[in-house]
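First up is the structure itself, then whatever we jot down about it.
None of the figures in this text is laboratory data; all of them are computed from the coordinates on show. None of these values were measured; they are calculated from a predicted model. Because the Cβ atoms are built from the backbone with ideal geometry, glycine has one as well, and the counts that use them run over all protein chains shown.
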């Protein structure tokens, strides 16, 4: 189980590190989106880009990805990345009406996060017990 957690942590860290750094260095080109300009997901992203909010989230993704990749700091990284994973899912469910929800990166991030949360559930038990 420890080996599986280490592999999952390394993969999740690599995913968040890659997509976080891509925001700043643009080494993975974004495909053209054929949806209209007034689509809810485009309006949402149009609000995040110029305000700097998305850059802040991407810095948290990079930091969380680095922390999750190291076994000793994995739980702190999961605490940083948890709300980001929930927002990724909420974005695809509510704003794109499910489009992109079953894309490999989204599925992989969700599955790896859930697995790491489950495998470290004893460490997080103190957060939910009175």
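The C-beta contact set for segment 87-112 (first residue at positive phi and without any contact (Cβ under 8 Å) to a residue 24 or more places away in the chain, second residue part of a helix (DSSP H, G or I) and buried (at least 16 other Cβ atoms within 10 Å of the Cβ), distance under 7 angstrom, 6+ apart or interchain) comprises 98/92; 100/92; 100/106.
So how many residues does segment 80-123 have that are part of a loop (DSSP other than H, G, I, E, B), closer than 26 Å to residue 43 by Cα and touching a helix residue (DSSP H, G or I) at 6+ places or on another chain (Cβ under 6 Å)? So the answer is 3.
Among the residues of segment 19-46, the ones that are closer than 21 Å to residue 85 by Cβ and either free of Cβ contacts under 8 Å to residues at least 12 places away in the same chain or not in a helix (DSSP H, G or I) (or both) come to 4 in all.
The single condition among (1) within 13 Å of the chain's Cα centre (by Cα); (2) farther than 17 Å from residue 114 by Cα that residue 37 does not satisfy is (1).
Of the candidates 85, 106, 57, the single residue that is surrounded by 13 or more Cβ atoms within 10 Å (Cβ to Cβ) and closer than 21 Å to residue 122 by Cβ is 85. From the list 57, 68, the lone residue that is within 18 Å of residue 10 (Cβ to Cβ), within 15 Å of the chain's Cα centre (by Cα) and without any contact (Cβ under 8 Å) to a residue 60 or more places away in the chain is 68.
For segment 113-122, residues that are farther than 12 Å from residue 77 by Cβ and surrounded by 12 or more Cβ atoms within 10 Å (Cβ to Cβ) total 3. Set side by side, the residues 13, 77, 126 differ, and just one is exposed (fewer than 11 other Cβ atoms within 10 Å of the Cβ) and assigned to a helix (DSSP H, G or I), which is 126.
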